[in-house]
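What follows is a short report on a single structure.
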Amino acid sequence: MKRQMRLKWIAAALALGMILGLAGCDADEEEEIVLRVANWEEYIDEGDWDEEDGFEFSDGTILCPELSMVEDFEAWYYETYGQKVRVEYSTFGTNEELYNQITIGDVYDLVCPSEYMIMKMLREGMLMPYSEAFHDKENELNYYVNGVSPFIAEVYDGLEIDGQKLNRYAAGYMWGTLGIVYNPEEVSEEQASSWSILLDDSLKRRITIKDSVRDALFAAVSIQYYDEITSPEFLSREDYSDALFQCLNRTDKDTVDGAEEILSAIKQNVYSFETDSGKADMVTGKVVANQQWSGDAVYTMDQADEDDVELCYAVPEECTNLWFDGWVLLSKGISEDPRKQQAAEAFVNFVSMPENAVRNMTYIGYTSVISGGESDKVLEFVEDTYGADPEEEDEEDLVEYDVTYFFGEDKDAVILTTEDQTRRQLYAQYPSQDVVDRSAVMACFDKEGNERINRMWTNVRCFDLKNWFQGLTR
Amino acid sequence: MKYTFHRKQLAIPYAIFLLLFVILPLLVVIFYAFTNEEGHVSFHNFVAFFQSGKTVGTLLYSIVIALVTTAICLLIAYPTAYILSKTGMKSGDALLLLFVLPMWINFTLRITALKEILTLLEGNLAFHPFANTIICMVYDFLPFMIMPLYNTLTKLDDSYVEAAQDLGAKKSHVFLKVILPLSVPGIVSGVTMVFLPSMTNYVVLDMVYNSTFIMGSLIGSYFSAYDWHNGSVISIILLLIICVITAISNRYTENDKADRRVGALK
């Protein structure tokens, strides 16, 4: 009896606490906006920089953040808009993982998938367009539209799916190319400058390819149509870019069958299909060449530099995949709440501030789509990181590296740099004009194409009964 | 409202767990395996799995990996467990600890270490993916084979062995006719604990740069392409294999029990 009494008291106390707690939540919720953001792992500055990592701009401001970008955003939003926002930040590992999470029922407001996933989500009606106010160039708080590189803006303008323009629904974040990281002591630049390096017998079991259907397929299709896309007639076509895009996005039966054959041969030749181990294996020398995204290439070369190993990056001569990750608003999350939409758009603008673009680039090694608009901070960062002082270096080793296409005509974006940087970090982070010219976006395929490609991938990776002896003994 | 406590109620937490994390997911898997994208009942995915030489190839490849792993584990574990059980009780336990100790460390860490040793020995691991897979699998699963064998062999009644010896059986006969048959339950539970997990343990293959899919990686590959139907089909096929193996092993252990009872009566 006594025991029961006590239990009752405890229960009453608990209930009271819960009521008070809930009431507290209610009061908070009216003021605080909760923004649910999902981004790639290790894809945003997390602060806590050492003093020596700090960067001083020419206007005297010093960039050396203590707090993470997300925390700084919350403070900035309160200062600027007078409203409290709390960011629930989560991460994902692959586009497919994000998509699966969303279809299973996880709700986000703002996510950052790759271009083809943006197209897929747009096609399936999961996205909502950015507001008119977001595109208003007069508003100086609109750092994205005022700071995005003219080159990226043009690429975005040209992309559409089912008649819907991509640039209404997506704001760029990072971009880059697909290429080959190689060890110049073992592999020549010419070898690395063609996708057929993946089939090169002299590098048997010393080269890796990405364990990703789309990246592997891109290389295979490029090998398959090498003769066509490098022929003088094709290169001189007026609609070259468009034709290249069409060719590399083929999913017809012949193309996919051909890719299956090439990838099966590649499987016999490579060290492995890797998801993440390629970077470390390059540095330790287990492999001497590695298919890689440009941002990871920068990271790999930086790591190797620390171990006194020199690695380089090459973009195949025939073509490369131009990829980008972008911020999109999910209609299910925002659910027509204007306060939420404003906060989400402000988040995109905040990470697009030139100094924040520099922050992210320093931290993660990828290339921001932001060129800075009126501000020269991004260019300053590039010059400071890669530029060479003609008084200190041998003048013969210096070259002019032109990235005007990215920063726009009104900036002097010719960087005086050491010769090796045209094959190394600078080349990976800001590819030269000719690389960009031979690049193509890989779109989201239709259902039939997707099925065919997935079947092809299963066939390549499954055990081949015909070669069972070879498969088991080696 | 008088509350009485029944012992059966202790099972409620487990029953809830079973329902939420075993039964319900299983129903979902069965649903997906036998429907197509339009939601109609369909066996097409099953037929397609067995029609494609590549997917059947991967099924056989997984079985071969599992068979070889199990066989090697058994060959190493049986003598080890036997010797351990024959040493004095105390030192036997201490020695057993040495074999079980590695299980306390996460297996990916252990494989990472083993990988470095193999790299020192072989140079380039990618030239022998199959052999390396087997080495790592055996290393990973060996304790699971030793444990049940050790348990069975220590409980083995020495009087049977002595009786056989007294009646003039040769050493090899004692082993083949007495010890081995009596340790069958240990072998069976060891085999089930090694065979099935090694069919799907694709992380090991990834880690030793074996780029060929086994059943586990095939499920993962289908799921990441949002193909729940084909992924579920593979899961069901694995489930069927589990059922067959359990049925066979039950038969062995039951026969064995029956034999022993008969033996005791005689």
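Give segment A:274-285 a look and list any residue that's assigned to a loop (DSSP other than H, G, I, E, B) and modelled with pLDDT of 90 or more, or say none.
Answer for segment A:274-285, where residues must be assigned to a loop (DSSP other than H, G, I, E, B) and modelled with pLDDT of 90 or more: just A:Gly285.
Go through A:Ala314, A:Ala265, A:Ala304 for me and flag whichever is within 14 Å of another protein chain (Cβ to nearest Cβ) and of a type in the set (Gly, Ala, Ser).
Exactly one of A:Ala314, A:Ala265, A:Ala304 is within 14 Å of another protein chain (Cβ to nearest Cβ) and of a type in the set (Gly, Ala, Ser), namely A:Ala265.
Give A:Trp468, A:Trp457 a once-over and let me know the one that is over 30 Å from A:Leu248 (Cα atoms), part of a helix (DSSP H, G or I) and within 14 Å of chain B (Cβ to nearest Cβ).
One residue alone meets the criteria, A:Trp468.
Within segment B:87-99, does at least one residue satisfy the condition of being under 25 Å from the mean Cα position of the chain (by Cα) and closer than 22 Å to B:Thr133 by Cα?
Yes, segment B:87-99 contains at least one residue that is under 25 Å from the mean Cα position of the chain (by Cα) and closer than 22 Å to B:Thr133 by Cα.
Do the conditions hold for A:Glu448, that is, is it at pLDDT 90 or above, surrounded by fewer than 20 Cβ atoms within 10 Å (Cβ to Cβ), under 30 Å from A:Leu248 (Cα atoms) and acidic (Asp, Glu)?
The answer is yes for A:Glu448.
Within segment B:181-230, can you find the residues that are at the interface with chain A (Cβ under 9 Å from one of its Cβ atoms), in a helix (DSSP H, G or I) and without any contact (Cβ under 8 Å) to a residue 24 or more places away in the chain?
If the condition is that a residue be at the interface with chain A (Cβ under 9 Å from one of its Cβ atoms), in a helix (DSSP H, G or I) and without any contact (Cβ under 8 Å) to a residue 24 or more places away in the chain, then B:Asp206, B:Ser217, B:Ser221, B:Tyr222, B:Phe223, B:Ser224 are the ones that fit.
Within segment B:34-44, is there a residue that is surrounded by 12 or more Cβ atoms within 10 Å (Cβ to Cβ), within 25 Å of the chain's Cα centre (by Cα) and either within 12 Å of chain A (Cβ to nearest Cβ) or at pLDDT 90 or above (or both)?
Checked against the condition, which is being surrounded by 12 or more Cβ atoms within 10 Å (Cβ to Cβ), within 25 Å of the chain's Cα centre (by Cα) and either within 12 Å of chain A (Cβ to nearest Cβ) or at pLDDT 90 or above (or both), segment B:34-44 yields no hits at all.
Identify the residue in segment A:158-184 that is in a loop (DSSP other than H, G, I, E, B) and in contact (Cβ under 8 Å) with a residue 24 or more places away in the chain and, among all such residues, is surrounded by the fewest Cβ atoms within 10 Å (Cβ to Cβ).
For segment A:158-184, the residue satisfying everything is A:Asp162.
If you check A:Asp72 against the conditions, is it surrounded by 14 or more Cβ atoms within 10 Å (Cβ to Cβ), out of contact with any Gly (no Cβ under 7 Å at 6 or more places or on another chain) and touching a residue at least 12 places away in the same chain (Cβ under 8 Å)?
Spelling it out, A:Asp72 is indeed surrounded by 14 or more Cβ atoms within 10 Å (Cβ to Cβ), out of contact with any Gly (no Cβ under 7 Å at 6 or more places or on another chain) and touching a residue at least 12 places away in the same chain (Cβ under 8 Å).
Considering only residues that are more than 7 Å from chain A (Cβ to nearest Cβ), of a type in the set (S, T, N, Q) and over 21 Å from the mean Cα position of the chain (by Cα), which ones fall in segment B:50-71?
The answer is B:Gln51, B:Ser52.
Suppose we keep only residues that are farther than 21 Å from A:Gln421 by Cβ and of a type in the set (Val, Ile, Thr) within segment A:183-219. Which one would you say is farthest from the other protein chains (Cβ to nearest Cβ)?
Top of the filtered list is A:Ile197.
Considering only residues that are over 20 Å from A:Val270 (Cβ atoms) and small (Gly, Ala, Ser), which ones fall in segment A:164-202?
The answer is A:Ala170, A:Ala171, A:Gly172, A:Gly176.
Among B:Leu142, B:Leu121, B:Leu149, B:Leu153, which is modelled with pLDDT of 90 or more and surrounded by fewer than 18 Cβ atoms within 10 Å (Cβ to Cβ)?
B:Leu121
Please state which one of A:Val221, A:Val187 is over 26 Å from the mean Cα position of the chain (by Cα) and either in the same structural domain as A:Trp457 (by TED's automatic domain parsing) or assigned to a helix (DSSP H, G or I) (or both).
The unique qualifying residue is A:Val187.
Out of the residues in segment A:247-262 that are in a helix (DSSP H, G or I) and crowded, with 16+ Cβ neighbours inside 10 Å, state the one that is farthest from the other protein chains (Cβ to nearest Cβ).
By that ranking, first place goes to A:Cys247.
Can you name the condition, by its number, that B:His128 falls short on among (1) surrounded by fewer than 18 Cβ atoms within 10 Å (Cβ to Cβ); (2) free of Cβ contacts under 8 Å to residues at least 40 places away in the same chain?
With (1) surrounded by fewer than 18 Cβ atoms within 10 Å (Cβ to Cβ); (2) free of Cβ contacts under 8 Å to residues at least 40 places away in the same chain applied to B:His128, the lone miss is (1).
The values are calculated or read from the model by the stated rules, or taken from the named source; none is laboratory data. Remember, predicted model here, so these are calculated numbers, not experimental data. All Cβ positions, even for glycine, are placed from backbone atoms using ideal geometry, and neighbour counts span all protein chains on display.
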